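Let me begin by presenting the structure, written as structure tokens, before commenting on it.
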Amino acid sequence: MIDRRSVLALAVASGAVRVSANPVQGDPTEILPLWPGRPPGSPANLPAERYVERAPQGQPHDRYADQIASPSITVFRPDQPNGNAVLIAPGGGYVRVVTDKEGYETARWLTARGVTAFVLRYRLPGGGWAHRADVPLQDAQRAMRLIRAGAASYRVDPRRIAVMGFSAGGHVAASLAVRHAMSVYTPVDAADRLSARPDVAALLYPVISMGAHAHAGSRNELIGKMPADADVVAYSPDHHVSVDTPPTILIHAADDDVVPVENSLGMFDALRARRIAAEVHVFQSGGHGFGLRLPPTNTAMRWPELFLVFAQTHGFVV
């Protein structure tokens, strides 16, 4: 049998997908590195970063980044900012970060409505980093702190910053929501004195459980194919909901055959048990990884508006 990475390597070699430079025309050019030097726990030899374009010529971009050595946030500024901000963590099964479908397209939808968006390109556990399972959370915490540190220059209210995550990026976002105060790296500057707590969390078809109903690929990359029971608990966000967890909205399709809907339902139950303001929206269809690319006749296409209404009830100005 050939695994997905082998298939991808063959596809790249055959020209079915294209290794490309980033950015391309139309991409934002304001990209902020997360760390002033090498990221925490860097290996002696950093991964060789690359971007891969999966879309056929002439079709909307469908790029991803992998082998990430220099994590960053890409800034999308609206023409008329309303003070709201969202940190976006795209998915990719912890082997890649899907740049366009769940990142840039969502950011553009938000900026059209006055929301300043920041697309997170986080490091992946398999890059040889020390404490590999904490690497995505290190980057998410650092990104949130940098956004707060630069709030005035971004024209955002530091009390109105949400996190939004998709699939494995949903695990990044959920981990930030429940472990924002956990010390996972040594502070490097004044920004690290700021809170990493999101004010609202939006989790779309998120990877949550590392045990029952786990997405095997994400779990294998993060904590290994045969993880210790303690690691299964430690890296399942539903086990760590506390009174400091922000209000959370969950979006999932009942027919998701990649990340079972039980991930969102389990997280919702954990939030309710702690009396955290929460909503879960389970749509009849949509599959996995739909982002903004569903047909208008699919009711799951309503999810962005549902997010904004939920965020408005928890401090956002719309």
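The values are calculated or read from the model by the stated rules, or taken from the named source; none is laboratory data. Not measured: the values here are computed from a predicted model. Cβ atoms come from the backbone with ideal geometry, glycine included; neighbour counts cover every protein chain shown.
The table below gives the values:
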quantity: Subset of the range 187-241 [among the hydroxyl-bearing types (Ser, Thr, Tyr) and either buried (at least 21 other Cβ atoms within 10 Å of the Cβ) or under 30 Å from Met301 (Cα atoms) (or both)]; calculated: Tyr205, Ser209, Ser218, Tyr235, Ser236
quantity: The listed residue being in a helix (DSSP H, G or I) and over 13 Å from Pro206 (Cβ atoms), out of Met301, Met267; calculated: Met301
quantity: Every pair of residues 6+ apart whose Cβ atoms lie under 8 Å, when the first sits in the range 31-57 and is over 14 Å from Ala69 (Cβ atoms) while the second is of a type in the set (Phe, Trp, Tyr); calculated: Val52/Tyr64; Arg54/Tyr64
quantity: Tabulated pairs, the range 205-222, first on the phi < 0 side of the Ramachandran plot, second β-branched (Val, Ile, Thr) and buried (at least 24 other Cβ atoms within 10 Å of the Cβ), C-beta under 6 angstrom, 6+ apart or interchain; calculated: Val207/Val259; His215/Val207; His215/Val259; Ser218/Val207
quantity: Criterion violated by His314 - all others in (1) surrounded by fewer than 22 Cβ atoms within 10 Å (Cβ to Cβ); (2) touching a strand residue (DSSP E or B) at 6+ places or on another chain (Cβ under 6 Å); (3) free of Cβ contacts under 8 Å to residues at least 40 places away in the same chain satisfied; calculated: (3)
quantity: Candidate set from the range 242-264 (those that are small (Gly, Ala, Ser) and assigned to a loop (DSSP other than H, G, I, E, B)); member that is surrounded by the most Cβ atoms within 10 Å (Cβ to Cβ); calculated: Ala254
quantity: Pairs where the first residue, in the range 156-176, is acidic (Asp, Glu) and the second is assigned to a helix (DSSP H, G or I) and surrounded by fewer than 24 Cβ atoms within 10 Å (Cβ to Cβ), C-beta under 9 Å, 6+ apart; calculated: Asp157/Ala151
quantity: In the range 178-213, the residues that are closer than 19 Å to Arg123 by Cβ, within 18 Å of the chain's Cα centre (by Cα) and of a type in the set (Gly, Ala, Ser); calculated: Ala196
quantity: Asp231 being assigned to a helix (DSSP H, G or I) and farther than 23 Å from Ala278 by Cα; calculated: yes
quantity: Per-region count, the range 164-178, residues closer than 19 Å to Ile73 by Cβ and out of contact with any strand residue (DSSP E or B) (no Cβ under 8 Å at 6 or more places or on another chain); calculated: 2
quantity: Sole residue being crowded, with 24+ Cβ neighbours inside 10 Å, in contact (Cβ under 8 Å) with a residue 40 or more places away in the chain and not in a helix (DSSP H, G or I), chosen from Ala143, Ala117, Ala130; calculated: Ala117
quantity: Which listed residue, of Ser167, Ser175, is under 11 Å from the mean Cα position of the chain (by Cα) and at positive phi; calculated: Ser167
quantity: Residue in the range 267-286 that is loosely packed, with under 15 Cβ neighbours inside 10 Å, under 30 Å from Gln59 (Cβ atoms), modelled with pLDDT of 95 or more and not aliphatic (A, V, I, L, M) present; calculated: yes
